[in-house]
Structures are given as C-alpha cells and as structure tokens.
Amino acid sequence: MATKQRARVVLDRTKAHVRYRYVCPHGHIDWDQTNNHIWCRGCRRQAENGDDVDPEHRELVDKKTSEVIPWERIEIVVPEPEEREADA
Ligand SMILES: [Zn+2]
C-alpha cells in the first residue's frame with residue numbers, strides 16, 4: 001500500500017496529438033529519445049543561440065495536466081509497419 005506505482009505513459013509519437021501533448025520541460029515538441037533519456041532539438045537550438053538550456057532531459061511535461069513525467073515511466077511505442085501501410 002505504501003508504494004504507489006504510477007502508471008506508465010505510453011506514447012505513440014506517430015500521432016500528432018500525442019506529439020503536441022507531451023513536450024520537453026521547455027515546451028518543445030521536437031525531442032527524440034536516446035538510450036535512456038530525451039534529447040531536444042528545440043533546446044539545442046536555444047543553446048546554440050546563447051541560452052543556458054540543456055538539450056538533454058529525463059522528464060517530459062504533459063501539457064494537458066501540467067504533470068512532469070519521469071522518463072522511467074514513459075514508454076515509446078512504434079506501430080508495426082503493417083499497421084501503418086500494407087506493403088506488397
Ligand atoms: Zn526542448
């Protein structure tokens with residue numbers, strides 16, 4: 001009872017509404033997953049423009065609820081190719 005395991009968040013980033021909902025802590029949608037964290041292109045651009053931002057993150061923000069979700073709880077799913085398009 002004491003340990004409250006929060007549900008995993010499964011993201012299908014081929015869907016636009018998912019991409020726009022789960023953003024980096026600085027509000028960008030153009031992040032990528034790396035080995036065990038998130039790398040954000042938008043933050044990289046800001047850093048190149050002289051802002052003090054780190055393009056690497058270990059959490060995402062759910063814009064709908066403003067919840068900060070640690071990377072450990074996030075699962076990126078990629079639809080099977082045959083689900084996207086039948087290719088003969
Ligand atoms: Zn960012």
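The values are calculated or read from the model by the stated rules, or taken from the named source; none is laboratory data. In this text the structure is predicted, and so the values were computed from the model without any measurement. Glycine gets a Cβ as well: all are built from the backbone with ideal geometry, and neighbour counts include every protein chain shown.
Within segment 21-33, is even one residue over 17 Å from GLU67 (Cα atoms) and outside any strand (DSSP E or B)? Don't jump to the end; show me each part of the working.
Of the residues in segment 21-33, the ones over 17 Å from GLU67 (Cα atoms) are 30-33.
Adding the requirement that they be outside any strand (DSSP E or B) leaves 30.
Yes, that holds for at least one residue.
Cβ contacts < 7 Å: first residue farther than 15 Å from GLN33 by Cβ, restricted to segment 50-70; second residue small (Gly, Ala, Ser) and part of a strand (DSSP E or B), any location; separation 6+ or different chain. Result?
Within 7 Å, no pair qualifies.
Of these, VAL61, VAL18, which one is away from the ligand (no atom under 16 Å from the Cβ), modelled with pLDDT of 95 or more and outside any loop (DSSP other than H, G, I, E, B)? Break it down stepwise before answering.
Working: VAL61 fails: away from the ligand (no atom under 16 Å from the Cβ).
Just one listed residue meets the conditions, VAL18.
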